[in-house]
1. Please order Y145, Y171 by the number of other Cβ within 10 Å, starting at the fewest.
2. For the range 67-83, what does the Karplus curve 6.51 cos²θ - 1.76 cosθ + 1.60, with θ = phi - 60°, yield as ³J(HN,Hα) per residue in whole Hz, taken in order and with x for Gly and Pro?
3. What list do you get for D128, D84 if you sort them by fewest beta carbons within 10 Å?
4. Please report, to one decimal in angstroms, the Kirkwood hydrodynamic radius of the range 33-203 built from all distinct Cα-Cα pairs.
5. Determine the shape class of the range 109-166: with a ≥ b ≥ c the square roots of the Cα gyration tensor eigenvalues, call it rounded for a/c under 1.5, and otherwise prolate if a/b is greater than b/c, oblate otherwise.
6. When the dipole is taken about the Cα centre of the range 33-203, and only Lys, Arg (+1) and Asp, Glu (-1) are charged at their Cβ, what size is it in debye, to the nearest 20?
7. Can you return the aspartates and glutamates within cross-link range of K165? Criterion is Cα-Cα under 17 Å, with same-chain partners fewer than 8 residues away left out.
8. Extension gain Q36-K209, at 0.36 nm per residue separation less the Cα-Cα distance, in nm?
Amino acid sequence: MKSTLISVTLIAVSTILFTACTKEKDTPIIQPVVSQTVKNLPADPTTPSSNTAQPPSSTGKFTLYSLRENKSVANIDSASNKWDVGFRGTTIIVNGGAIRAGKGAAYVHTGTFDELTAVPTSATFVQDQSATNLAIPTRSGAGWYNYNGQTNIISPIPGRVLVLKTGDGTYAKLEVLSYYKDAPATPNVSSVSRYYTFRYVYQPDGSMKFN
């Protein structure tokens, strides 16, 4: 009788342990969304020439950025999916399309950053097709910025959010806050340009939710 009770107890304990292990194994690991603010990211800033008769020079290269890793990616990795967005002057590229190696694409959303809690069902993602046919328009008023010809100032358009499909196929939202070094509240002709300050939310689990 005692032997039978011991056997039943062992079976019950084994069942509980097996069930617990099975539940633990079946429970997916939820990765929290990543919220970051990036300050003073250089976007191929110009360098004054020693000869005052010559215009300032630049490298012509994009600063490539990984939203997953929250860091710049070397240009030697431009033909990989290690990066998601690239910045050069007012031009922003995505890592996807006929001329890219990744799965990236973009959709320019009109609305506030905080209220955008998921990729809109109406979103139409576009990829970069050529150097002149980009997912994020480079014209003033069409993409993320306005240009004032009288003051020569670039200003982010309020309520304009870049919804991104990243190089590896996940999703993010990004808002440019400033185009000038140290993000002055009121930039002027003496402000140093081509330094981005932006914030973004990255969803690592592949879903389209941002919260």
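1. Details: Y145 20, Y171 25.
With the sparsest Cβ surroundings first, the list reads Y145, Y171.
2. 6, 4, 8, 6, 7, 6, 10, 4, 4, 5, 9, 5, 8, 10, 9, 6, 10
3. Going from least to most buried by this count: D128, D84.
4. 16.4
5. In terms of gyration-tensor shape, oblate.
6. Charge dipole of the range 33-203: 160 debye, to the nearest 20.
7. E69, D84, D128, E175, D205
8. Additional length available on full extension: 60.7 nm.
Values in this text are rule-based calculations from the coordinates and carry no lab data. Quick caveat: nothing in here was measured; it's all calculated off a predicted structure. Note that each Cβ is placed from the backbone with ideal geometry, even for glycine, and that neighbours are counted across all protein chains shown.
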